[in-house]
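A.B. asks: This structure is in structure tokens; I'll ask about it shortly.
The values are calculated or read from the model by the stated rules, or taken from the named source; none is laboratory data. Predicted model only: the values in this text are computed from it and were never measured. Quick reminder, even Gly has a Cβ in these numbers, built from the backbone with ideal geometry, and neighbours come from all protein chains shown. Surface areas here come from the heavy atoms of the whole protein model, side chains and all, with no ligands, DNA or RNA. Shrake-Rupley method; radii C 1.70, N 1.55, O 1.52, S 1.80 Å.
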Amino acid sequence: MSQFDFDDFDALEKIAVNLFYGWGYNSYRLENQLRTDDLTVRAKVGWLLGQARTNIETAESAYRRDRLPPPTREKPRPDAGAIAGAQTLERLSQAIGAIEGQIRAQPVPEADRMTQRYRHEASTLQQLLECDMALVGRAELLRQMLDKQDGAWMVDNAATIREGLTAIEASLRGRQAALMV
């Protein structure tokens, strides 16, 4: 019989736990589950915002095609209102992209001993979950609002779209505040 017993579950458990702690990770802790959930939720929020941005970009393309025809002798310059509308759609798309990037770059509490010493990680991650729930809800409302709308509607409702973006940014600030505690 060799000195290595691959069926001694007590010894295997000790080895596994020792390795987990050595790696700084224990996959069965609530904090790790919450951290993983947070990453998943933020990825889904990014996806929702990506869908909203795609809706705006599609509408912008159609808007430019319809409202900004090629110049002719009779009308060499495009309509200033149409240009302003196209620029509004472009800025809205850029704003959504910027928020999406911020969401993807948001940190989660580190799983290190210093963080655990100064704050209770599970309660912080629970606060992040609440912030992320607001983030998901607001991102989905924005996506639904923009779904199947044309560029003219989006230009006319740009203030409401910006309100939605401001609400999403407020959720991000709340998330950042939860991490600063």
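A.B. asks: Tell me, please, whether a residue that is at pLDDT below 75 and either among the aliphatic types (A, V, I, L, M) or open to solvent by less than 70 Å² (accessible area, probe 1.4 Å) (or both) can be found in the range 71-91.
C.D. replies: no
A.B. asks: Between a first residue in the range 129-144 that is under 10 Å from SER171 (Cα atoms) and in a helix (DSSP H, G or I) and a second residue that is open to solvent by less than 30 Å² (accessible area, probe 1.4 Å) and of a type in the set (Lys, Arg), which pairs have beta carbons less than 6 Å apart while being 6 or more apart in sequence or on different chains?
C.D. replies: Partner pairs satisfying both residue conditions: CYS131/ARG175.
A.B. asks: Across the range 92-122, what is the number of residues that are modelled with pLDDT under 75 and either in a helix (DSSP H, G or I) or touching a strand residue (DSSP E or B) at 6+ places or on another chain (Cβ under 8 Å) (or both)?
C.D. replies: Of the residues in that region, 8 qualify.
A.B. asks: Check whether at least one residue in the range 60-69 is outside any helix (DSSP H, G or I) and loosely packed, with under 13 Cβ neighbours inside 10 Å, and report yes or no.
C.D. replies: Yes: one or more hits.
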